[in-house]
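To keep things clear, I will list the structure first and then write my remarks on it.
None of the figures in this text is laboratory data; all of them are computed from the coordinates on show. These numbers come from a predicted model, not from an experiment. Because the Cβ atoms are built from the backbone with ideal geometry, glycine has one as well, and the counts that use them run over all protein chains shown.
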Amino acid sequence: MNIKRISLTSLALACSTVSFTSLANPLDKTTFGFSGYVKADAMVSQYSDGTLPSGTIGRDFYIPSLTPTGGEKESAQFDAHIKQSRFRFTTNTLLSNNEKITGVLEFDFHTTPDGNERISNSYEPRIRHAFIKYNNWLIGQTWSTFQDVKTLPESLDFIGVTDGTIFARQTMVRYTSGAFEVALENPETTVTPFGGSGRIVADDNSVPDLAARYTLNQSWGHVSFAGLVRQLSYVEKQNGSDIDTDDVGYGLSITSKINFGQDDLRVMANIGSGLGRYIALNAVNSAVLDANNELDTIDVRGFTVAYRHFWDPQWRSTFSYAMFSADNDTDLTGLSVIKETYSARANILYSPSPELTFGAEYAYAKKTLESDADGDMSRLQFSAKYAF
């Protein structure tokens, strides 16, 4: 009897093991990738009309709206950080239906609230991208469909042509068919109060932003056309307020990268009404409240051009220019809002191998308010980057 019981138990365990191992294990059909880079930046910045306090994000990379105006010139500021360093995890899995799914998770250390330069220079990682791709669908957070990442120039600065470019990452559902992409993306409205003086970040949208793009790829490079339609919404029923207003914002973008052998020319032209946060890192808001607490969209435009030249296989330079302007109704916004900004930069980069790059870059930027008060920034930046 004991022998029978042992045999039956062994048989049951064996059957259990066979049943468990016969189930598909996704890890058996998954490949993993890890990539990114380590980048150290050092920069000296000089402002004509004031200064940026320690810890201000504008000391890490160029943000057009943060160039000081109306202050007194101070001495140059030196900063060094590794915040642009990033790491990216990628998985590719063959599913039981013989179709593939891709997952991406990417971090860097920019714009996080914690950390300082006093002792340890410790900074928290932040999520840049987190999405899955299945068949023609992308679900998760990544570059906005309204943005053409391929036309961003090679710059030591985090963005480079910040004034004139579309720049946004957010959660979306995107469908791609050949050269055409369309997406529903996370909305957010920024509003200038009546008379100016500040920014209202509303979270009252009831529908997602709609973005679409068509890209024509050719042997010489590509040209791409994109459009955006978005609801602008602000509701405030507290503290004696009775605001419930909506408007429609839109934008158009044409971008291109043109190859000249190893060299290339990259251009972007963007225009719209109510673009707000999509362009120039929210240099102006999407709309302004009028005297009746109704939204009035703000018209904006931006342009960038960047030319990259290879001096030889190891040395190269990029020369770029970017501008942004807004048509503010100063009766509503007042005179303290941004009328225009522009920046120009030139760099020299040396790569003894494809994985390793050393560089130096000079940038000049200027911001002008509707009051005609202005201020400029000069910055010299040095970088060392190891990509893997």
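Answer rounded, prolate or oblate for region 103-196, using the Cα gyration tensor with square roots of eigenvalues a ≥ b ≥ c: rounded when a/c is under 1.5, else prolate when a/b is larger than b/c, else oblate. Cα axes put region 103-196 in the prolate bin. Pairing the Cα long axis of helix 2-21 with the longest principal axis of the chain, what angle in degrees results, from 0 to 90 and rounded to the nearest 10? Result, in degrees: 30. Rounded, prolate or oblate: which fits region 261-322, taking a ≥ b ≥ c as square roots of the Cα gyration tensor eigenvalues, rounded meaning a/c under 1.5, else prolate when a/b beats b/c? Taking the square roots of the gyration eigenvalues as a ≥ b ≥ c, region 261-322 is prolate. Pairs exceeding a 20 Å alpha-carbon distance, out of 83/366; 29/150; 83/339; 39/73; 339/366: 83/366; 29/150; 83/339; 39/73.
Report the GluC sites (Glu not before Pro) located in region 334-382 that are in a DSSP loop and have at most 16 other Cβ atoms inside 10 Å of their Cβ, or state none. The partial results should precede the final answer.
On the way: sites: 340, 355, 361, 370; in loops: 355, 370.
Passing both the DSSP loop test and the Cβ count: 355.
Can you tell me how much longer the chain between residue 89 and residue 203 gets when fully stretched, taken as 0.36 nm per residue apart minus their C-alpha distance, in nm with one decimal? Write down the numbers at each step before the final one.
Working: separation 114, 0.36 × 114 = 41.04 nm, distance 3.10 nm.
Contour length minus the Cα-Cα distance gives 37.9 nm.
Each of 315, 143 has some number of other Cβ atoms within 10 Å of its Cβ, and from fewest to most they run 315, 143. Modelled spin labels at residue 120 and residue 182, positioned 7 Å past Cα toward Cβ, are 5.0 nm from each other. Across region 158-171, computed HN-Hα scalar couplings (Karplus, 6.51 cos²θ - 1.76 cosθ + 1.60, θ = phi - 60°) run 4, 10, x, 9, 4, 4, x, 9, 7, 8, 7, 10, 6, 6 Hz from first to last residue, x flagging Gly and Pro.
Using a Gaussian network model of the chain whose springs link C-alpha atoms within less than 10 Å, name the residue from 193, 68, 354 with the highest mean-square fluctuation. Highest fluctuation of the listed residues: 354.
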